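K.L.:
Input: one structure, supplied below.
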Amino acid sequence: MTIYNIALIGFGGVNRALTELIAAKNQLWERDLGFRLNIVAVSDLYLGSVISPNGLDAKTLVDAKFEKGGFGQLSGGSAEADNETIIKTAPADIVVEATYTNPNDGEPAVSHCRWALETGKHVVTTNKGPVAIAAPALKAFAKTNGVRFEYEGAVMSGTPIIRMAERTLAGAELKGFEGILNGTSNFVLGRMESGLDFASAVKEAQKLGYAEADPTADVEGFDVRLKVVILANELLGANLKPEDISCKGVSGLSLSDIEEAAKANSRWKLIGAAVRNDDGSVTGSVSPKRLGLDHPLAGVNGATNAVSLDTELLGAVTITGPGAGRIETAYALLSDIVAIHSAGASSTAKEAA
Ligand SMILES: NC(=O)C1=CN([C@@H]2O[C@H](COP(=O)(O)OP(=O)(O)OC[C@H]3O[C@@H](n4cnc5c(N)ncnc54)[C@H](O)[C@@H]3O)[C@@H](O)[C@H]2O)C=CC1
Ligand SMILES: N[C@@H](CC=O)C(=O)O
């Protein structure tokens with residue numbers, strides 16, 4: 001049995017949910033997956049940072065109601081989030097990056113990932129910024145240092161779109177994709193269909209842990225734009241940057257637009273898409289579309305996402321599942337660690353008797 005020492009960077013909804021899962025399921029993972037997780041460091045902008053080489057108790061971390069700078073009260077703790085020291089010096093095998101997504105330059109998360117990879121630590125992240133903006137460089141750092149950079153949760157939360165498309169559909173020849181890639185905006189549109197106003201619907205999505213720290217990214221389409229870049233670059237071999245993708249969100253849709261669509265047996269959905277053109281180039285777009293109720297994506301409701309992959313050999317293959325949510329996204333981190341474990345990383349971790 002293997003023990004992976006992990007350092008959590010960011011202790012908001014997702015990493016807290018991972019900590020809850022560790023508290024509840026480490027024994028099960030030990031039995032079924034062949035490893036357990038030991039939290040040796042945490043750093044959060046609001047709470048501060050702490051290193052504990054023997055490990056922090058996951059249940060205590062989740063149950064304690066820490067105030068601002070609260071990690072300073074713990075042994076080995078500080079009221080400041082010294083991410084660089086934590087990432088570079090904590091005795092971690094894996095750094096779990098779940099700070100906020102910066103849709104402009106991906107920082108500071110790009111640096112967090114780089115520091116980890118350069119010091120020989122695997123990175124698992126749900127943060128779209130570093131993946132959309134710096135994946136080639138970060139993958140190169142990972143390769144040079146013999147570690148892995150994994151990011152399944154960056155698109156569709158815990159629903160395994162990236163591994164499914166890359167591994168299970170290998171050879172099916174992907175030509176393009178279109179889908180609903182933002183849980184918050186899909187949830188908001190659904191709540192507006194029930195008559196709720198836009199601002200109240202966004203507040204509900206925030207409470208449920210679906211929205212970004214700044215929900216502008218969700219409702220203006222910037223979040224989907226990053227996801228389209230990630231899928232296009234990863235699955236279609238493109239080299240797109242966010243600014244290459246035309247982008248319009250749902251904030252311009254009014255209750256009367258929604259009602260009008262319903263009267264015409266249709267629904268507004270925020271669609272992210274990319275297609276390979278005849279000349280080999282790839283074009284991506286993000287915009288609200290009015291879909292007839294018979295369209296396969298029209299029935300995708302709430303924070304659920306769906307992506308229809310257009311393949312040469314199978315035609316359309318559609319993957320549906322949670323696109324947001326704390327536990328759902330924490331599961332993506334677990335799936336990344338499973339991938340690392342399966343690839344044989346246990347040789348770098350502590351082997352328990
Ligand atoms: N919540 C969800 O459904 C999903 C979230 N994601 C991504 O996962 C990441 C985490 O999401 P949540 O936990 O929901 O966000 P959150 O806003 O609940 O938590 C982020 C945490 O990071 C901390 N933080 C911010 N900047 C930091 C910095 N420079 N250094 C250290 N800590 C910092 C904040 O204090 C906060 O506690 C985000 O990048 C988000 O885009 C991805 C898929 C789904
Ligand atoms: N805010 C995002 C979370 C996942 O990326 C969403 O609502 O989809």
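The values are calculated or read from the model by the stated rules, or taken from the named source; none is laboratory data. A quick note: this is a predicted structure, and the numbers were derived from the prediction, not measured. So basically every Cβ, Gly included, is an ideal-geometry build from the backbone, and we count neighbours across all protein chains shown. These accessible areas exclude ligands, DNA and RNA; they are computed on the full protein's heavy atoms, side chains included. Shrake-Rupley method; radii C 1.70, N 1.55, O 1.52, S 1.80 Å.
K.L.:
For residues that are open to solvent by less than 20 Å² (accessible area, probe 1.4 Å) and more than 9 Å from ligand 2 (Cβ to nearest atom), tally how many sit in segment 322-334. It would help to see each step written out before you state the result.
P.N.:
Just the residues of segment 322-334 that are open to solvent by less than 20 Å² (accessible area, probe 1.4 Å), to begin with: 323-325, 329-330, 332-334.
Checking which are more than 9 Å from ligand 2 (Cβ to nearest atom) leaves us with 330, 332-334.
Qualifying residue count for the region: 4.
K.L.:
If we keep just the residues of segment 203-240 that are of a type in the set (Lys, Arg) and within 14 Å of ligand 1 (Cβ to nearest atom), which is surrounded by the most Cβ atoms within 10 Å (Cβ to Cβ)?
P.N.:
For segment 203-240, the residue satisfying everything is Arg225.
K.L.:
Another question, then. Is one or more of the residues making up segment 148-155 within 29 Å of Asp310 (Cα to Cα), more than 14 Å from the chain's Cα centre (by Cα) and part of a helix (DSSP H, G or I)?
P.N.:
First, the residues of segment 148-155 that are within 29 Å of Asp310 (Cα to Cα): 148-155.
Checking which are more than 14 Å from the chain's Cα centre (by Cα) leaves us with 148.
From what's left, part of a helix (DSSP H, G or I): none.
No, there is no match, as no residue in segment 148-155 is within 29 Å of Asp310 (Cα to Cα), more than 14 Å from the chain's Cα centre (by Cα) and part of a helix (DSSP H, G or I).
K.L.:
How many residues does segment 274-321 contain that are of a type in the set (Gly, Ala, Ser), more than 16 Å from ligand 1 (Cβ to nearest atom), open to solvent by less than 20 Å² (accessible area, probe 1.4 Å) and touching a residue at least 40 places away in the same chain (Cβ under 8 Å)?
P.N.:
To start, the set of residues in segment 274-321 that are of a type in the set (Gly, Ala, Ser) comprises 274, 280-281, 284-285, 287, 292, 298-299, 302-303, 306, 308, 315-316, 321.
Next, only the ones that are more than 16 Å from ligand 1 (Cβ to nearest atom) stay: 274, 280-281, 284-285, 287, 292, 298-299, 308, 315-316.
Add one more test, that the residue is open to solvent by less than 20 Å² (accessible area, probe 1.4 Å), and what stays is 274, 284, 298.
If we keep only those that are touching a residue at least 40 places away in the same chain (Cβ under 8 Å) as well, we get 274, 284.
The qualifying residues number 2.
K.L.:
Among the numbered criteria (1) modelled with pLDDT of 95 or more; (2) more than 15 Å from ligand 1 (Cβ to nearest atom); (3) not aliphatic (A, V, I, L, M), which one does Tyr331 miss?
P.N.:
(2)
K.L.:
Something else now. When segment 274-321 is examined, which residues are found to be within 16 Å of ligand 2 (Cβ to nearest atom) and of a type in the set (Val, Ile, Thr)? Explain how you work it out, then say what you get.
P.N.:
Filtering segment 274-321 down to residues within 16 Å of ligand 2 (Cβ to nearest atom) leaves 286, 288, 297, 300-307, 319-321.
Scanning segment 274-321 gives Val286, Val300, Thr304, Val307, Ile319, Thr320.
K.L.:
Looking only at residues in segment 12-23 that are hydrophobic (A, V, I, L, M, F, W, C) and under 16 Å from Gly55 (Cα atoms), which one is surrounded by the most Cβ atoms within 10 Å (Cβ to Cβ)? Lay out the reasoning, then the answer.
P.N.:
At the first step, the residues of segment 12-23 found to be hydrophobic (A, V, I, L, M, F, W, C) are 14, 17-18, 21-23.
Retained after the next criterion (residues that are under 16 Å from Gly55 (Cα atoms)): 18, 21-23.
Working: Leu18: 30, Leu21: 20, Ile22: 24, Ala23: 16.
So the residue we want is Leu18.
K.L.:
May I ask you to say which residue of Ser111, Ser52, Ser43 is under 18 Å from Val14 (Cβ atoms) and open to solvent by less than 60 Å² (accessible area, probe 1.4 Å)?
P.N.:
Details: Ser111 fails: under 18 Å from Val14 (Cβ atoms); Ser52 fails: under 18 Å from Val14 (Cβ atoms).
Answer to the check: Ser43.
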